[in-house]
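See structure below.
Please treat every number below as a calculation from the coordinates, not as lab data. Fair warning: this is a prediction, and the values are worked out from it, not measured in the lab. Here the Cβ is made from the backbone with ideal geometry for all residues, glycine too, and neighbour counts use every protein chain on show.
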Amino acid sequence: MTVLTTVLRRIGTAILTIVLASLFVFLAIQLLPGDVAQQLLGQNATPDAVKALRESLGLDQNVWLRYGNWLIGAAHGDFGTSLVSGDPVGPSLFVAFRNSMLIAVPAMLIGVTVSLTLGVVAGVRRGRASDHVISLISLVVMSVPEFMVATVLVLVFAIAIPVFPAVVLRGSDATVLQLLPSVWLPMIVLTLAMAAYIVRTARSSTIDVMASEFITTAELKGLSTRQIVWRHAVPSALLPTLNVVALNVAWLLGGVVVVENVFNYPGMGKLMLESVFNRDLPTIQAIALLSALIYVVCNLAADLVALALDPRLRTRQRGRRARPRGTARRPAALAAASAGPATADTATATAGTSSARKDRA
Amino acid sequence: MPPIVPSPMNDHERGPSRRTLLTGAAGLAGLGLLTLTGCTSGARSTTIPEGAATGIAARGGRLRIARPAASAAETLDSASSLSAYEYLGALYNRLVKQNQAGETVADLAEEWNATPDGTTWTFRLRKGVRFHNGKTFTAADAIASIEHILDPKTASPQGGVLGDMLDKNSMSAPDPYTLRFDLTKPNAEFPSLLTAYQCYIVPAGEIATIGTTGIGTGPFKLSSFAPAGSGSVEAFDDHFAGRPALDGIDFSSIQDTTARVNALLAGQIDLISQTNLDFATARVVSASSRATVARVKNAQWYTIPMLATSTEFKDPMVRQAMKFAYDPKVIVATALQGTGSPGWDNPVPPTLAAFDDDRRVYDPDKARALLKKAGRSGMKTSIYTSSYESVFTPMAVAYRDQVKAAGIDLTVRNASSDSYYTEIWMQKPLMVSYWFTGRPIDQLLNQIFRTGSSYNESAWSNTTFDGLLDDARATMNDDRRRMLYQDAQRLIIEDGADMTPMFGDRLVGISRDVVNYREFGFEFDYLRIGLRK
């Protein structure tokens with residue numbers, strides 16, 4: 001019951017967040033100077049030309065009315081037509097999103113796995129050479145903006161040693177197969193930019209956990225380092241890292257704007273940049289909606305994974321399976337879980353893990 | 001310049017070695033430094049080449065052009081203000097075109113003449129010209145194309161210009177190869193107005209879909225086109241002036257300037273269109289083994305419009321002071337680093353036959369006296385610029401520094417480039433702007449300087465000037481007419497509100513394999529451009 005209420009409340013907040021995001025983006029675009037007709041025509045924006053274009057685009061209609069109509073359409077899955085190309089927004093956004101995912105998903109998977117591993121290694125080997133190397137490199141990558149990383153990679157791997165193409169020459173009509181040779185450099189840039197933050201967080205959170213009492217207890221019991229690290233420290237250390245991972249995954253959406261522009265990659269970031277430049281309201285709205293959705297889903301997922309990783313929750317389930325004694329602790333464990341992973345009570349956790357170990361023995 | 005040491009290109013063909021990597025990295029670091037120190041020293045080892053390579057193009061080959069597509073709304077309809085510029089000259093022909101001296105020469109029309117009063121013009125059309133769809137070109141196609149430009153629904157930038165002297169009943173075809181224009185008012189320069197890049201001729205029956213089909217009589221026929229995406233054209237064997245040197249051209253859209261340059265340096269493309277490289281980038285490109293820079297002489301017409309309707313500049317004495325106060329030679333030397341020629345506030349490029357070579361003086365003392373007389377001594381105002389074009393800010397800064405001597409205190413303000421032409425241009429009293437050169441004299445003066453023209457960026461209005469333009473249009477004698485145009489130029493220099501500090505060379509990034517690249521009058525020379533190998 002409590003779980004259901006929590007989940008429902010989260011979903012309700014998510015929907016509200018998405019609608020508000022779309023409203024704020026709409027208001028922000030209204031504040032930008034110029035409309036789509038003026039932006040398209042530029043120096044050719046003579047009064048007659050602007051008037052003719054506005055009429056042909058239906059811009060003479062009230063702007064709030066257009067927003068309302070768009071919102072109703074979007075609720076039914078129709079994202080309207082682009083004011084610039086005249087094509088339906090849905091399909092072109094889908095292609096752009098697919099292209100972005102082509103670089104973002106591998107970047108995410110590789111970035112998260114590698115950086116979590118490196119972070120834990122650095123945390124465990126705190127103060128040793130491997131820690132220094134990992135920390136230094138991650139600090140450097142963190143400080144250099146991604147467009148700079150992108151430019152350096154292009155200079156080295158596309159111009160000096162031409163192994164990868166510098167830019168994508170095809171537009172949004174490119175198929176996945178045609179894009180494949182060009183995805184590597186953008187993917188590496190995204191991975192690097194994202195990984196650095198996660199390495200730093202994973203390292204400091206590992207250090208915190210390694211210093212805690214239950215690890216000392218485990219050490220005193222004579223467990224091997226490997227067991228201590230991977231069975232006890234890592235699950236606890238990952239909890240605070242999860243939110244950083246979630247934020248970083250959502251950040252990828254912003255990162256792709258810069259990276260896609262440098263590589264002329266026909267993804268969502270480039271579509272966003274172009275539609276903002278052209279004040280193409282329906283396209284911007286659809287992108288805002290999708291971005292908000294991804295943001296919300298990422299954070300929701302992070303919370304759910306946190307619930308799953310929480311040692312207290314794990315104990316409860318095992319305890320329930322093993323013997324009825326576990327039920328006595330249930331309300332407390334649930335309350336702690338719904339209060340969020342940040343309020344982890346080390347004492348309970350220690351008790352939980354040790355009892356779980358006893359169950360096994 | 002032949003490389004003395006084996007070029008890195010050869011190393012690459014063998015596959016990258018450790019040495020290549022190291023020299024490559026060192027070279028890049030050097031280029032980086034060059035970029036950073038781009039504005040400090042005058043003398044340097046890498047200079048920007050003067051012109052494009054000429055030579056014999058190998059038959060065949062495909063040229064790869066990267067272009068900054070305006071938007072996904074772009075179209076192959078040349079009449080539209082959203083036309084995809086680079087495709088037009090490849091796909092279509094006009095009735096008449098311009099040569100480099102700005103004279104009107106034959107294209108689809110072989111010869112033309114007017115009645116002595118300049119109201120009836122007869123064009124004799126080329127016979128045996130075929131469109132890409134196999135149809136034969138006749139006067140009916142020309143009439144339909146021009147009617148399309150005049151159609152208010154098209155909202156063509158050239159519609160107003162031609163509409164001033166043409167209406168629906170003005171055009172007739174006494175026979176399929178004769179086209180007659182009965183103008184509503186005389187115009188001795190009428191043929192030159194048909195050289196505009198909106199005036200390409202398309203088949204009469206194809207106008208509704210021309211934006212995507214691109215059927216014309218040009219040296220290349222369209223094989224694919226995606227707005228703001230990639231596209232290709234293939235050599236048209238039946239082109240009336242012979243087959244082009246190339247087999248085809250592949251166009252791709254790259255929005256980001258750095259990305260376009262990277263693509264050129266990486267050998268992915270052969271030419272960057274519509275892009276005036278900044279000097280630091282131009283030096284990096286000319287130092288590259290794959291690419292170089294070709295200068296298109298005086299292609300960029302830089303202006304500093306003073307809004308004649310503003311309180312600051314409605315007084316002609318203040319406007320004169322703003323001109324006397326600066327030396328265009330210094331602006332060319334600093335803002336253009338010498339890659340251009342001083343304009344002396346005459347908007348007519350020196351290459352045009354009607355150019356008036358009388359030059360105003362540079363006299364800061366006179367400027368100071370004029371300001372005093374106008375009660376505006378120690379005038380203070382802002383000059384707006386943006387990153388819209390690479391020369392804008394250097395020009396604004398150089399101008400500000402120049403006019404200090406006359407006691408004029410300008411503050412350079414940087415505005416957002418994406419709304420520069422909607423929020424600043426024709427709104428702020430003082431700003432910097434530019435145009436591509438290539439307008440014939442009559443169009444240039446009427447479009448940018450005539451009272452009430454929608455392109456009159458300084459909102460200047462002078463009835464004597466307008467009268468001179470009307471007289472010129474009614475004067476069939478070429479010498480007399482040229483004198484009237486020269487009087488008009490002098491009036492702009494004396495009273496006008498749109499300053500012309502300079503004409504800049506466009507620095508175009510091209511591959512070292514490209515030969516015979518030429519671009520003037522808003523068109524590439526698509527027949528001769530080719531690849532060396």
Quick one: divide the alpha-carbon radius of gyration of the protein assembly as shown by 2.2 N^0.38 Å and tell me what you get. 1.13
Of the cross-linked pairs B:Lys366/B:Lys428; B:Lys323/B:Lys373; B:Lys323/B:Lys366; B:Lys323/B:Lys372; B:Lys366/B:Lys404; B:Lys329/B:Lys404, which ones have a Cα-Cα span greater than 18 Å in the structure shown? B:Lys366/B:Lys428
Which trypsin sites (Lys or Arg not before Pro) in segment A:96-192 pass both tests, a DSSP loop state and at most 13 other beta-carbon atoms within 10 Å? A:Arg128
Karplus-derived HN-Hα couplings along segment B:513-518 (A = 6.51, B = -1.76, C = 1.60, θ = phi - 60°), whole Hz, x at Gly and Pro: 7, 7, 10, 6, 7, 9
The exposure ranking of B:Glu523, B:Glu494, fewest beta-carbon neighbours within 10 Å first, is B:Glu494, B:Glu523
Nonlocal amide H pairs with B:Ser382, under 5 Å, H built at 1.01 Å: B:Thr411
For B:Phe225, enumerate residues with amide H under 5 Å from its amide H, sequence gap 5+ or separate chain, H modeled in the peptide plane. B:Ser232
With DSSP loop assignment and no more than 10 other C-beta atoms within 10 Å, the trypsin sites (Lys or Arg not before Pro) in segment B:101-187 are B:Lys153, B:Lys168
Answer rounded, prolate or oblate for segment B:88-187, using the Cα gyration tensor with square roots of eigenvalues a ≥ b ≥ c: rounded when a/c is under 1.5, else prolate when a/b is larger than b/c, else oblate. rounded
According to the square roots a ≥ b ≥ c of the eigenvalues of the Cα gyration tensor, what is the shape class of chain B, taking rounded for a/c under 1.5, prolate for a/b larger than b/c otherwise, and oblate for the remainder? oblate
Within straight-line cross-link reach of A:Lys221, lysines at Cα separation under 21 Å, skipping those fewer than 8 residues along the same chain: A:Lys358
Taking H placed 1.01 Å from N in the peptide plane, check which residues at least 5 places from B:Ser511 or on another chain put their amide H under 5 Å from its amide H. B:Leu271, B:Thr292
How large is the dipole of segment B:327-452 about the Cα centre if only Lys and Arg carry +1 and Asp and Glu carry -1, each at its Cβ, rounded to the nearest 20 debye? 540
The relative contact order of segment A:139-279, taking Cα pairs under 8 Å that sit 6 or more residues apart, comes to a percentage of 31
Taking the beta-carbon count within 10 Å as an exposure proxy, list B:Asp247, B:Asp478 from fewest neighbours to most. B:Asp478, B:Asp247
May I ask you to list the trypsin sites (Lys or Arg not before Pro) in segment B:299-396 that are in a DSSP loop and have at most 16 other Cβ atoms within 10 Å of their Cβ? B:Lys314, B:Arg359, B:Arg360
Could you grab the relative contact order for segment A:1-127? Cα pairs under 8 Å, six or more apart, rounded to a whole percent. 10
Gyration tensor (alpha-carbon) shape descriptor, segment B:298-453, a/c threshold 1.5: rounded
A 29 angstrom limit on the alpha carbon distance is what I want to check against. Which of B:Lys135/B:Lys185; B:Lys97/B:Lys221; B:Lys135/B:Lys168 exceed it? B:Lys135/B:Lys185
Provide the per-residue ³J(HN,Hα) series for segment B:433-444, in order, calculated from phi with Karplus coefficients 6.51, -1.76, 1.60 and θ = phi - 60°, each as a whole number of Hz, with x at glycine and proline positions. 8, 7, 9, 7, 6, x, 7, x, 3, 5, 5, 4
Per-residue average of Cβ from other chains inside 10 Å of B:412-422: 4
Can you work out ³J(HN,Hα) from phi for every residue in segment A:201-211, in order, using Karplus 6.51 cos²θ - 1.76 cosθ + 1.60 and θ = phi - 60°, giving whole Hz and x for Gly and Pro? 5, 4, 5, 5, 6, 5, 4, 4, 5, 4, 8
From Cα pairs below 8 angstrom and at least 6 apart in sequence, can you work out the relative contact order of chain B, rounded to a whole percent? 22
Residue-averaged beta-carbon neighbours from other chains (10 angstrom radius) around B:71-83: 5
Give me B:Ser156, B:Ser230 sorted ascending by neighbouring Cβ count inside 10 Å, so fewest comes first. B:Ser230, B:Ser156
About its Cα centre, how strong a charge dipole does segment B:327-377 have in debye, to the nearest 20, once Lys and Arg get +1 and Asp and Glu get -1 at the Cβ? 380
When the dipole is taken about the Cα centre of the protein assembly as shown, and only Lys, Arg (+1) and Asp, Glu (-1) are charged at their Cβ, what size is it in debye, to the nearest 20? 5120
